[in-house]
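To keep things clear, I will list the structure first and then write my remarks on it.
The values are calculated or read from the model by the stated rules, or taken from the named source; none is laboratory data. In this text the structure is predicted, and so the values were computed from the model without any measurement. Methodologically, a virtual Cβ is constructed for each residue, glycine included, from the backbone with ideal geometry; neighbour enumeration extends over all protein chains shown. All accessible areas refer to the heavy atoms of the entire protein, side chains included, with ligands and DNA or RNA removed. Shrake-Rupley method; radii C 1.70, N 1.55, O 1.52, S 1.80 Å.
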Amino acid sequence: MTEPRRAINQDVGNESIRTGLSEESIRLAFLDNLFYVQGRFLEVASLNDKFKALAYTVRDRLLHRWVSTIHTYQQVNPRTVCYLSAEYLPGPFLGNNLLTLGIVDSTRRALAGLGINLDDLIEHEEEPGLGNGGLGRLAACFMDSLATLQIPAISYGIRYEFGIFNQVIKDGSQIETTDKWLRYGNPWEVRRPSIAYNVKLGGYTEQYTDDQGHFRVRWLPNETFHGVAIDTPILGYGVNTVNLLRLWTTEAAEAFDFHTFNRGDYEGAVVRSVRSSTISKVLYPNDEPEIGKRLRLLQQYFFVTCSLQDMLRIHRTTGMSLERFHEKFSIQLNDTHPAIAVAELMRLLVDEQHMEWDAAWHITQSTFAYTNHTLMPEALEKWSVPLFRSLLPRHLEIIYEINARFLDEVRLRYPFESGHAERLSIIDETDPRYVRMAHLACVGSFAINGVAELHSRLLMETVLRDFYDLWPAKFQNKTNGVTPRHFMMLSNPGLASLLTETIGSDWKNDLSNLRALEQHADDPTFQECWRRVKRERKKALASTIAKLCSVSIELDSLYDVQAKRIHEYKRQHLNVLHIVTLYERIKLNPGIEITPRTFIFGGKAAPGYAMAKLMIQLVNAVGDVVNRDHDVAGRLKVVFLPNFSVKLGYGVYPAADLSQQISTAGKEASGTGNMKFSMNGALTIGTLDGANVEIREEVGAENFFLFGLNAEEVSRTLSEGYRPWEIYNGNPELKSVIDLIGCGFFSHGDRGVFQPLIDNLTRNDPYLVLADYAAYIACQDLVSAAYRDTAHWTRMSILNVARMGKFSSDRTIAEYCRDIWRATPTPVEL
Ligand code: F58
């Protein structure tokens, strides 16, 4: 039996086993945690017991740095960035924390000494799926960069009990199941019962005059509950800075409502407490906001009020006057989901702190900055005024007041023009009236930014044009980035080692140093190593695919990957049209020379988005036929990887040869998957959309496969009366592909299954799939030819990686710090 007692309170050499980083300390700490936290001996411990024992061991070391960080901040009182986001997708923590602490190797050896394989424990971890896609993942990349750049920051959000649903593919269709990520406990979080705030809801407001004769308003809610903080430490790479991910969970203010209980309504009392505890239960699995979802507005208000109350508490501890709140904090609104914060901060300052309106408004407008992530008009959040009034009556009054003052300013600015006030108003005056959250965010913020150059320009020209005319200086661009720690070092250690051997390790903290690779791009020996790394990752992905999809794939085929949320504007169906085109070409001409390809898809569809679900069905239906057909064996395979996640992404990005970024130009705000692929040596086939434009600029047009209409051509085509039917009839290859799908060839003769999709494409085609089809196919033919020239392909792959420096989230965060937050590094000594 392994002796845990040996470990208790022991020091190893001059290290404490709680904090030491040596192999011996880690091994003893592991056994200690296994026994005293899990109550287990090694001999009977399950994989999960071992995972948690290691996680606690690592967490101790994080907490050590956390204490030092807090201590430093207490002394320095630095300016602090507060990131408000309804979503976070941090991925699994274990591997990353080992990496940032620099103890991967010592931990591996410590465990090996106990007969445990570290990779099994890393693989075991279930990730928090607290987000839908790009927006939540961006927030996680930002946390890593903020900590690595030593910027004091708190990321606030919601600790959903159930994250994004698990996707199961049954008979080719998506089935959703509950994500019970907390089932076996979460070793990374620290619950803070003493950091709890009241959250009020509903009721009405009342005017009164206070003792000093001031006119005031009070809010008399009909419900109150608690938000409690649950913290996760976020350590920067190679530094001691630990920032906070502070997520709020709901708790009934009382176990149950005694007042109601005493009146004999036991059930009513319990129902109330159950109702409030549902607020942080589940993440909305949509990639568009759902108008009228009461619970969603509740969630937004819930996490915003807890976060602002928390900032006010922290601010009080600094001894600074309330008038200087905006000097201490800069608050970033991650899209409009937390935009209610503008009204809530006003309420807290005016109603609760009894500040004058103008002073409070000055603080509010100096504190907030707003990031927009979408141009799609249907995705701009708005709440009906009646719903808003029923939940947040005081906020509605405050918004009306903000709006009245704002519209006065607008009328002064445009005295003779009609229409501006109506278009800019925070309230949309249609029946029923709506609160436009993007307008509230714009009015309440000192800075507004898009997430790629094209997106920021289109924002200024289209959805926020009137705001841009009014306040051009507020507008900025901050092109997204992703963290190279997660998406290169952690997920592609083979590539990371090769890079470090070749150019040294400076690239890890400054990705622009990858440029030094350029001089090796044509070196045959280096190219050989480069291909070996890629091949290893392709092999690993092949075995994942064999396990998850029971499909065996050819290692030498071109891995052609599209992994992202399923949406018509992202055009997974355009990808399928290409697959069917190749399939038909082989069937018609079996001897045809074709570059062998494996098409890999991954991504979830919103449960209520029928067309997206049909697109998943189409991928699987085509895959079923293609993968079984002996005529194409060895040349085409199609797989749909179920339940795409950050963790699966770690296996996918490094293995890809080709990255599909084929959205309709003008629709994808930025994209970040495009960066992850390219950073790992995949070449991109893409449109001039989002950050693709800048990726192409950086890597060079000759190393990027561009096709399709640009954003201006897209809007012109649509406004001139687009007729997809004519394109369908005018292109025989396209027609025969669509007809093959339509005649039931991929659906056991059932012509009905894919008819809605075909009708949509041939009659309506809002995302111009058919308009771009011919250009896409021609471009894919170029890809196929290019892949056959191995040395040239490898050169392009190397140059892609070498020129990706711009797309590190460290660069993005440095720009936010400089241009928006005015935040500077605060180093922490241990
Ligand atoms: C994404 N938005 C953009 N929204 O689509 C993508 O282009 C961009 O790269 C990324 O943000 C980061 O800037 C996105 O992921 C959501 O998932 C929201 C979830 C909640 C409802 C509204 C959409």
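Numbers for the structure displayed
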| quantity | calculated |
| --- | --- |
| Residue tally, condition touching a residue at least 12 places away in the same chain (Cβ under 8 Å) and surrounded by 14 or more Cβ atoms within 10 Å (Cβ to Cβ), over the stretch 497-517 | 14 |
| Residues of the stretch 474-485 that turn out to be more than 13 Å from the ligand (Cβ to nearest atom) and open to solvent by 10 Å² or more (accessible area, probe 1.4 Å), as a count | 3 |
| Identity of the residue in the stretch 196-238, in contact with a helix residue (DSSP H, G or I) (Cβ under 6 Å, 6 or more places away or on another chain) and open to solvent by 30 Å² or more (accessible area, probe 1.4 Å), that ends up nearest to Trp357 (Cα to Cα) | Thr205 |
| Subset tally (residues that are open to solvent by 10 Å² or more (accessible area, probe 1.4 Å) and within 11 Å of the ligand (Cβ to nearest atom)) for the stretch 112-136 | 4 |
| Selection within the stretch 559-573 - closer than 26 Å to Lys534 by Cβ and among the β-branched types (Val, Ile, Thr) | Val561 |
| The stretch 285-304 residues that are within 11 Å of the ligand (Cβ to nearest atom), paired with ones that are among the small types (Gly, Ala, Ser) and open to solvent by 10 Å² or more (accessible area, probe 1.4 Å) (beta carbon under 6 Å, 6 or more apart) | Glu288/Ala379 |
| Odd one out for Lys534, checked against (1) modelled with pLDDT of 95 or more; (2) open to solvent by 40 Å² or more (accessible area, probe 1.4 Å) | (2) |
| Unique residue being within 19 Å of Arg191 (Cα to Cα) and either open to solvent by less than 50 Å² (accessible area, probe 1.4 Å) or touching a helix residue (DSSP H, G or I) at 6+ places or on another chain (Cβ under 8 Å) (or both) when the list is Arg18, Arg40, Arg27, Arg65 | Arg65 |
| Residue match in the stretch 285-302 (condition: at pLDDT 95 or above, among the hydroxyl-bearing types (Ser, Thr, Tyr) and part of a helix (DSSP H, G or I)) | yes |
| Any hit, the stretch 154-172, residues being within 16 Å of the ligand (Cβ to nearest atom) and surrounded by fewer than 19 Cβ atoms within 10 Å (Cβ to Cβ) | yes |
| Restricting the stretch 320-356 to residues that are open to solvent by 10 Å² or more (accessible area, probe 1.4 Å) and among the aliphatic types (A, V, I, L, M), the residue that is nearest to the ligand (Cβ to nearest atom) | Val350 |
| Members of the stretch 675-698 that are more than 16 Å from the ligand (Cβ to nearest atom), among the hydrophobic types (A, V, I, L, M, F, W, C) and either under 22 Å from the mean Cα position of the chain (by Cα) or surrounded by fewer than 23 Cβ atoms within 10 Å (Cβ to Cβ) (or both) | Ala682 |
| Failed item in (1) without any contact (Cβ under 8 Å) to a residue 60 or more places away in the chain; (2) at negative phi, with Ile26 passing the rest | (1) |
| Residue match in the stretch 80-87 (condition: open to solvent by 10 Å² or more (accessible area, probe 1.4 Å), away from the ligand (no atom under 16 Å from the Cβ), closer than 28 Å to Ser445 by Cβ and among the hydroxyl-bearing types (Ser, Thr, Tyr)) | yes |
| Among the residues listed as Gly20, Gly91, Gly39, the single one being touching a residue at least 40 places away in the same chain (Cβ under 8 Å) and among the small types (Gly, Ala, Ser) | Gly91 |
| Test for Gly450: is it closer than 30 Å to Gly481 by Cα, of a type outside the set (Val, Ile, Thr) and either surrounded by fewer than 19 Cβ atoms within 10 Å (Cβ to Cβ) or under 22 Å from the mean Cα position of the chain (by Cα) (or both) | yes |
| Residue check for Arg423: open to solvent by 70 Å² or more (accessible area, probe 1.4 Å), more than 16 Å from the ligand (Cβ to nearest atom) and either in a helix (DSSP H, G or I) or free of Cβ contacts under 8 Å to residues at least 24 places away in the same chain (or both) | yes |
| The lone exception for Val652 - which of (1) more than 17 Å from the chain's Cα centre (by Cα); (2) crowded, with 23+ Cβ neighbours inside 10 Å; (3) of a type in the set (A, V, I, L, M) it fails | (1) |
| Residues that are open to solvent by less than 20 Å² (accessible area, probe 1.4 Å) and within 17 Å of Ser173 (Cα to Cα), drawn from the stretch 746-762 | Phe746, Ser747, Phe754, Leu757 |
| Considering residues of the stretch 772-830 that are polar (S, T, N, Q) and in a loop (DSSP other than H, G, I, E, B) only, the residue surrounded by the fewest Cβ atoms within 10 Å (Cβ to Cβ) | Thr824 |
| Residue match in the stretch 721-731 (condition: surrounded by fewer than 21 Cβ atoms within 10 Å (Cβ to Cβ), free of Cβ contacts under 8 Å to residues at least 40 places away in the same chain and not in a helix (DSSP H, G or I)) | yes |
| Some residue of the stretch 71-78 being away from the ligand (no atom under 16 Å from the Cβ), at negative phi and surrounded by 23 or more Cβ atoms within 10 Å (Cβ to Cβ) | no |
| Matching residues in the stretch 373-403 - criterion: being closer than 14 Å to Gly444 by Cα and crowded, with 17+ Cβ neighbours inside 10 Å | His395, Ile398, Ile399, Ile402, Asn403 |
| Residue check, Pro193 closer than 29 Å to Gly236 by Cβ and open to solvent by 50 Å² or more (accessible area, probe 1.4 Å) | yes |
| Flag for Ile600 being crowded, with 23+ Cβ neighbours inside 10 Å and either touching a helix residue (DSSP H, G or I) at 6+ places or on another chain (Cβ under 9 Å) or at pLDDT below 95 (or both) | yes |
